[in-house]
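Read-outs throughout are calculated quantities, based only on the coordinates presented, and are distinct from any laboratory measurement. From a predicted model like this one, the values you see are computed outputs, not experimental measurements. Please note: Cβ atoms are built from the backbone with ideal geometry, for glycine as well, and neighbour counts cover all protein chains shown.
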Amino acid sequence: MGILECTLLFLIAILRSGEGLALDHDSYQLPQGTSTYKNGAATVIQLGEKGTQDLFDRWISQAMSGLFAAVAQKHINDVNHFEREIHQNCSKIAKDVPDHAKCVARLLRAAEETIKKVTNRNYNNPNLRWEGAFRVARMKRETRKITRQSSYTLHHAYDEPPFAQIARYMTSGVRAFQGKTKKTSWQQILADIHTTADEDRMEKRRKKAMMRRLRSWIDNTPTKLEDGWRTQALEMMDDQLKKKEEMLKKAKATEDVRVPLKVLREAIKLGMSLSGQNMTNFDKKTLRVGSPRFFSLVKGETEDDMVNLFSPSLFSMHEDGSKTENLFSLPHLLKRLTKKEQDAWMDFIVEASGVGDAVESARFAKKTAKEAALKTPDGTPLYFNKKNLTDMYGKQEGDKVDLFEKMAHKYDDKQKSALDKDGFAFMTKEQVEIMYGKESPYHDRERIDEYKNFVEMRDEDKHQKIRNEILEIGDKALRVSAQNVTELARKHGAHRRSKRNIVLSPIVNTPLIFASAIMSNTFIVLSPVVFSPVILSPAVLGPIILSPWVFIPVILSPRVLSPLIVNPLIFSPVILSPLVLHPFILSPGIFNPFILSPFVLSPFILSPQVFTPVILSPFALSPVILTPMVGSPLVLSPFVLSPIILSPQALFAVVLSPYALSPLVESKLIASEVILSPSFLS
């Protein structure tokens, strides 16, 4: 009973610590007749006979369902999109193993039909022929040509242009100063960046897949696991008035953002006055401090419109600026550089800027965070290893860890490939002997004899046997015709795609919490929304038209393809809510801060804003067009490909917000500051 009790505790701990899972301590209830007590380092849970049987049944069901899912995944690409949709909808509503088997059985039959249609096609191409199980084509033959020359030149590093040699010497000096011995080209570093980004994306996909699987397991339990979240939602509703007060405080705080900027402006003004410089219209000029421009596309403002302190324009892409700007422009510097010289200088720039070190640091931080996520705050692992198993349950349990480590070392390349691709692999005769032989803690002679014939089968026959057993389980289940499954899937799909509209229906003092179904795929027209916070309610395809918002905080509610059109906003902050394809059109606003809410492809068009700061919210492809703004600074919010076009900015500031490919086009800046915000190609 020891390992069983410990495993149950471990499963509960993992589920409770699962990121994003709807599992709460108050909502999880152990079976009746269960008791717990401490036994040294272990917490023992006495399940009782019924609880133990239920747990075993659940583990077996999960194991079988996992195998069914792996088999389905192996064949999912053999069917058309319609069959995939049916299988996915069928699997979502499956409540037990027989139900799941029915879904997979239908998929397997559909895959067999597809393969038959493909193999029965008549190929009349004379250039193709069969060799064994492969259809092959003859390649076109080509004759290799030999190049003859009277002499050959062996190139040496010293043959490089002097400019390239200088760059390589400087790169070597930087590497020596940093104590590096390995040479990495800038192309390789960029490739590493792409690889790291791809790994992050794959890790996120794996996490989402695991979360979906765990949610599916949790949904099959009789306990209502989502009650904890509902309790939290009710508490948030009770705090509604406090939220409104906080919004007012935050609105007032936007005015305080400019206080240090005003002090800085007055200090610079005093210093320039004492030095005898002309202070005419100083308060209306743009103040640029410690914000160099790199790779600018257009020339900067003239001295009549801007005060420049420690903010040179370097490596501009044009030759139209001041004398200094023109001297250091790229067209002037790179007119005669060869490819070798350009590569050498790129190596130096990348090495000196520490891009490679940043990539390594990111990888190390990712690894450290991953390891920390698998431990409790006091460092206790949330998983079993040989040490904690042996400490809690003795040598016998530690021997089991040794057994599985030994098995892992026995996997051949074919099995590893099958595990990665299919999610399961077949044991060899030797591995079966290791797992169930005399030296194993799981010694079972009958199991070895049982597997004897199966092990000797070909892999294809093994797969076919599994498919046949799944089909048999599905056929023995309660009969649901293929037509019924199809109709169910169509009904489910139609329900998801149905349009709902909210027209002439004001929403007042109605918190929208976990209201994704209402906010998505819904047109809200001529329906003002007042004192109704939107919390934990993602929205897709939810345009809002002619429906003013008043005191509507949007918190933890990403929005996609949900434009605001002719929709004024008042005291409606957007917090931790990314926006994608979310244009603001003819939607003026006042006191609407964007905080920790990145947005992409979300332009402001004809939407004047007053006191609408953007804080810690990077954005891209979100131009500001014909949208005057007052008191709307950008703080710690890098942006790219977001030009400001015909949009005057008053009391404006760009603070610690680098930007690229985002020029000012016919947009006057009045009493504005750009502080420590380098620009590129702008």
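Once the piece of chain linking GLN178 and LYS95 is laid out straight, how much longer is it, given 0.36 nm per residue of separation minus the C-alpha distance between them? Provide the component values of the computation, followed by the final result.
Values: separation 83, 0.36 × 83 = 29.88 nm, distance 5.96 nm.
Between GLN178 and LYS95, full extension yields 23.9 nm more.
Tell me, LYS429, LYS323 in order of fewest to most beta-carbon neighbours within 10 Å?
Fewest to most other Cβ atoms nearby, the residues stand as LYS323, LYS429.
Nearest 0.05, what FRET efficiency do GLU430 and ASP305 give at R0 = 60 Å with Cβ-Cβ as r? Please list the in-between numbers first.
Details: r = 81 Å, r/R0 = 1.34.
About 0.15, to the nearest 0.05.
At LYS386 and ASP422, where each label point lies 7 Å from the Cα along Cα→Cβ, what is the point-to-point distance in nanometres?
About 3.1 nm separates the two model spin labels.
Could you check the spin-label model distance between LEU656 and ASP402? Points 7 Å from the Cα along Cα→Cβ, value in nm.
The answer from the label model is 5.5 nm.
Less than 17 Å from a label point 7 Å out along the Cα-to-Cβ axis of ALA267: which backbone N atoms in segment 601-643 qualify, by residue?
Inside the label zone: nothing.
Residues in segment 594-632 near a label at ASP283, defined as backbone nitrogen under 20 Å from the 7 Å Cα→Cβ point?
Taking a point 7 Å out along Cα→Cβ of ASP283, the residues of segment 594-632 whose backbone N falls under 20 Å are 611, 629-632.
For GLU460 and THR36, what is the calculated FRET efficiency with R₀ set at 45 Å and r taken between the beta-carbons, to the nearest 0.05?
FRET efficiency, GLU460 to THR36: 0.40.
If I model a spin label at ASP54 and HIS443 as a point 7 Å from the Cα along the Cα→Cβ vector, what separation in nanometres do I get?
3.6
Among 94-102, 177-185, how do they line up from the highest to the lowest mean number of other beta-carbon atoms within 10 Å?
Highest to lowest by the protection proxy: 94-102, 177-185.
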